[in-house]
Amino acid sequence: MNSPHPPDASLSPSTAPPLAGYKVVDMSTVLMGPVATQVLGDYGADVIKVEPPDGDVMRHAGAARTSRMGAMYLANGRNKRSIVLDIKQPEGKRALLRLCESADLFIHNVRPAAMQRAGLGYDDLRAVNPSIVYVSLVGYGERGPYANQPALDDIIQAGAGVCGLFVRAGLDEPVFVPLTMADRLTGTTAAHAAIAGLLRRERTGLGQAIEVPMFETLVQAVLGDHLNGKAFLPAIDDSGYGRLLTPHRRPYKTLDGYIAATPYNDKQFRAFYTAIGRAEAFDGNALLATQSARARNYHATYAELAQIIATRTTDEWIALCRAHEVPCARVNSIDDLLDDPHLQAVDFFEEGEHPTEGRIRQMRPSTQWSSADVSIRRHPPRIGEQSVEVLRDAGYSAAEIDALLASGVTLDGRCPAGEG
């Protein structure tokens, strides 16, 4: 069994990141894989991002100051080292396998059949490292008939029923959630599966092949809310959770804007109606007065809330709801978040100088640890920025590295001129 690589000697055991000393070879691209490995990198793993000569396609997404350093990449590229390897060349493949000899985890989102053809399947990597944890991010589980179909976030949102939920909730047609939710949910799932695989290896000494499919992951989220009466055999009711599907469950229009206000339990509903001087009307309304009654009448409950909230301003409702501990929030725009007082107070945003991109804004890891260092330790690297460093760490001599650079197997991205 590989033992974890020693953490940075400058860190005490109490402050070392939780995954310090673990080495991750990351051959994933686009978003769900990079989301997963960013979590691992935030937790202190040495994430080596293996990129083709043209780089990860996500480098081109969003606004950019320089080529291949787009905003979407900057948001998911921190705490990693980048090496370019052209694995279509024999020396590139050999270099990848050499990295994997000392790795704890390998992660990719290439179709498994293609990885097998390339000689990079689980059995191939296990041959050079029997205890490696091998994580495959796929669109659909390999045992099903969809296994070979291409999958993107939009496709999975549609197939997993997310788009259709909007029709059930009252829209005229299905729409996409304007967020890469399938990628991000699958990436988060892959991160905790990877950590569980490493924990199992520590206990048993055994490596593992782990498959993380987008489709099944998102379907589990959808049906976790909406299986409803069809959780029982035979079904005792239709599918769909009524509270989430009523067309009146939406931000409410106020006199001057919109607000999300959601009294949920009996205490909060009574507090809300008491605060507006309608406690007797609430207690006397059989459709509202108890949780079980509201569960059968969400449509009427939320329709009445919409009528009430339309009578005051957003600020008035925020003050009233917070005073009576009724959950509420302003409907923020993306730009509002940048000035949000809570996010400012918890130092959610970090600004710093990137070596080539100038001053950038990043979001710190969202978790807070009492002593472990879970933070931004590395800026999002340029393509191949650590190619020479990683190859040197793997035992390549200066002459061997020069030969790989000359053949185009790798590139030295330490400066703009190194892009070739």
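The values are calculated or read from the model by the stated rules, or taken from the named source; none is laboratory data. This is a predicted model, so every value here is computed, not measured. Backbone-built Cβ (ideal geometry, glycine too); neighbour counts: all protein chains shown.
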Legend entry - Subset of the range 25-61 [more than 12 Å from Val135 (Cβ to Cβ) and of a type in the set (Gly, Ala, Ser)]: Gly41, Gly44, Ala45, Gly55, Ala61
Inset, instruction - All but one of (1) surrounded by 23 or more Cβ atoms within 10 Å (Cβ to Cβ); (2) within 22 Å of the chain's Cα centre (by Cα) hold for Ala63, so report the exception by its number. - result: (1)
Inset, instruction - Could you list all residues from the range 144-191 that are in contact (Cβ under 8 Å) with a residue 40 or more places away in the chain, farther than 17 Å from Glu211 by Cβ and in a helix (DSSP H, G or I)? - result: Asp153, Gln157, Gly159, Val162, Leu165, Arg168, Arg184
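If we scan the range 77-88, do we find a residue that is over 30 Å from Arg364 (Cα atoms), surrounded by fewer than 18 Cβ atoms within 10 Å (Cβ to Cβ) and among the hydrophobic types (A, V, I, L, M, F, W, C)? Walk me through it before giving the result.
The first filter runs over the range 77-88 and keeps only residues over 30 Å from Arg364 (Cα atoms), leaving 86-88.
Still in the running and surrounded by fewer than 18 Cβ atoms within 10 Å (Cβ to Cβ): 88.
Now restrict to residues that are among the hydrophobic types (A, V, I, L, M, F, W, C): none.
No, every residue in the range 77-88 fails to be over 30 Å from Arg364 (Cα atoms), surrounded by fewer than 18 Cβ atoms within 10 Å (Cβ to Cβ) and among the hydrophobic types (A, V, I, L, M, F, W, C).
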Legend entry - Conditions (1) under 19 Å from Leu198 (Cβ atoms); (2) touching a strand residue (DSSP E or B) at 6+ places or on another chain (Cβ under 8 Å); number of the one not met by Pro18: (2)
Legend entry - Selection within the range 45-60 - touching an Asp or Glu at 6+ places or on another chain (Cβ under 7 Å) and part of a loop (DSSP other than H, G, I, E, B): Pro52, Pro53
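With respect to Leu223, is the statement that it is assigned to a loop (DSSP other than H, G, I, E, B), modelled with pLDDT of 95 or more and out of contact with any Phe, Trp or Tyr (no Cβ under 8 Å at 6 or more places or on another chain) true? Let's see the steps before the verdict.
Numbers: assigned to a loop (DSSP other than H, G, I, E, B): no; modelled with pLDDT of 95 or more: yes; out of contact with any Phe, Trp or Tyr (no Cβ under 8 Å at 6 or more places or on another chain): yes.
No, not satisfied.
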Inset, instruction - Considering only the range 61-102, state which residues are part of a helix (DSSP H, G or I) and polar (S, T, N, Q). - result: Asn76
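I need the full set of residues from the range 252-267 which are small (Gly, Ala, Ser) and either part of a strand (DSSP E or B) or crowded, with 16+ Cβ neighbours inside 10 Å (or both), in order please.
Just the residues of the range 252-267 that are small (Gly, Ala, Ser), to begin with: 257, 260-261.
Ala260, Ala261 - these are the residues of the range 252-267 that are small (Gly, Ala, Ser) and either part of a strand (DSSP E or B) or crowded, with 16+ Cβ neighbours inside 10 Å (or both).
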